Amino acid sequence: MKELINHITEQLLPAYPKDEANALAWWIAEELTGLSRTELQFGCKGTNFSSHMQEIETIIDRLLHFEPIQYIFGHTLWNGLDLKVTPSTLIPRPETAELVERINLKSEILNLKSQIHVLDVGTGSGCIAISLKKAHPEWSVTGIDISPEAIEVARENAKRNGVEVDFYVADILSPSMGESEGASNLKFQISNFKYDVVVSNPPYICESEKVSMKSNVLDYEPSTALFVPDSDPLLFYRRIAELQTRRSPNSKQGEAQPPKPLFLFFEINEAYGPQLSAMLESIGYTDIQIHKDIYGKDRIIEARMAR
């Protein structure tokens, strides 16, 4: 085992720092055997990798071309979930798990007495929607994405993680918000749904930022889920926030129900926190808060709107 890990690490050193190369080596060993690192180190000294050597060399070659290991193996472990990922979906990041945690810990949401309806815009692999549904089985959760391929992945991820989430193909920028032809053959109209929580990790990297990005992201992850025009970096945030101001009312005519607030949560580009906050305030949102991620960068914004 030690020889194998050293072999893989040394092969990867031209392209990766030593710690990262070593971590990738262990990841490969765990994936091919189905055993944990602890089991490999202490419980299975006689594990035979000879039958895997050709596969290991192929994986090393793909990593040397900076293909993400999550795409090589077709899945990733994230926030307690085993998620399928493909080049049609972003690879879930730790920062997005922090976004989910903000919603999970929001006492004002947890204290709502009636059914809670959640909309995840730009759902991708479905990681946010599925994670929220896993934590709160009683919630009604919907995810939308412009990519039919991503929606198929999200639906598969919901099944493999044992939750029921409604996923639709929809373009948030489209005036009609209609679903294209897809497996469900249903129509999604945002105005027909009454959401209490709207969450999104939309495209927020400006085109001009490409020059500083690594090839494992630029060459492999879907650009439509990453980039926004330099001329309008708040494009998706504005659209999502404005659509919610035109949503259907919470209660039917004649029903005496106390109004519920709308809670908005975004993952954001650290460079645009103040501008986004000002934009949300101009639309009518209040209680706007910006939170830093584990790396100390402005990464999450939350707001609410009375209705």
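Looking only at residues in region 287-296 that are open to solvent by 50 Å² or more (accessible area, probe 1.4 Å) and modelled with pLDDT of 95 or more, which one is farthest from the chain's Cα centre (by Cα)? Applying the filter and picking the extreme gives ASP287. Look at (1) in contact (Cβ under 8 Å) with a residue 40 or more places away in the chain; (2) open to solvent by 70 Å² or more (accessible area, probe 1.4 Å) and you find that GLN54 fails only one, number (1).
Taking (1) out of contact with any strand residue (DSSP E or B) (no Cβ under 8 Å at 6 or more places or on another chain); (2) open to solvent by less than 20 Å² (accessible area, probe 1.4 Å) in turn, VAL118 satisfies each apart from (1). For region 16-25, state whether one or more residues are touching a residue at least 24 places away in the same chain (Cβ under 8 Å) and closer than 29 Å to THR89 by Cβ. Yes; the residues of region 16-25 include at least one that is touching a residue at least 24 places away in the same chain (Cβ under 8 Å) and closer than 29 Å to THR89 by Cβ. Does region 151-162 contain any residue that is among the basic types (Lys, Arg) and under 20 Å from GLU302 (Cβ atoms)? No: zero hits. Being in contact with a His (Cβ under 9 Å, 6 or more places away or on another chain) and open to solvent by 30 Å² or more (accessible area, probe 1.4 Å) is the filter; apply it to region 82-93 and report the residue that is nearest to PRO202 (Cα to Cα). The extreme case among them is LYS84. Scanning region 11-25 for residues that are exposed (fewer than 13 other Cβ atoms within 10 Å of the Cβ) and either of a type in the set (D, E, K, R) or touching a strand residue (DSSP E or B) at 6+ places or on another chain (Cβ under 7 Å) (or both) turns up LYS18, ASP19.
Being farther than 19 Å from ILE294 by Cβ and touching a helix residue (DSSP H, G or I) at 6+ places or on another chain (Cβ under 8 Å) is a property that holds for PRO68.
Of all the numbered requirements in (1) out of contact with any Asp or Glu (no Cβ under 9 Å at 6 or more places or on another chain); (2) open to solvent by less than 10 Å² (accessible area, probe 1.4 Å), LEU132 misses one, and that requirement is (1).
The residues in region 255-273 that are open to solvent by 20 Å² or more (accessible area, probe 1.4 Å) and either among the polar types (S, T, N, Q) or at pLDDT 95 or above (or both) can be counted, and the count is 1. Among the residues of region 94-111, some residue qualifies, meaning at least one is open to solvent by 10 Å² or more (accessible area, probe 1.4 Å) and within 21 Å of ILE72 (Cα to Cα). Note on region 56-129: enclosed helices (runs of 4 or more DSSP H) holding 1 or more residues that are at pLDDT 95 or above and polar (S, T, N, Q) are 69-73, 94-104.
The values are calculated or read from the model by the stated rules, or taken from the named source; none is laboratory data. Remember, predicted model here, so these are calculated numbers, not experimental data. Here Cβ is always computed from backbone atoms with ideal geometry, including for glycine, and neighbour counts include all displayed protein chains. For the accessible areas, the whole protein counts, side chains as well, though only heavy atoms, and no ligand, DNA or RNA atoms are used. Shrake-Rupley method; radii C 1.70, N 1.55, O 1.52, S 1.80 Å.
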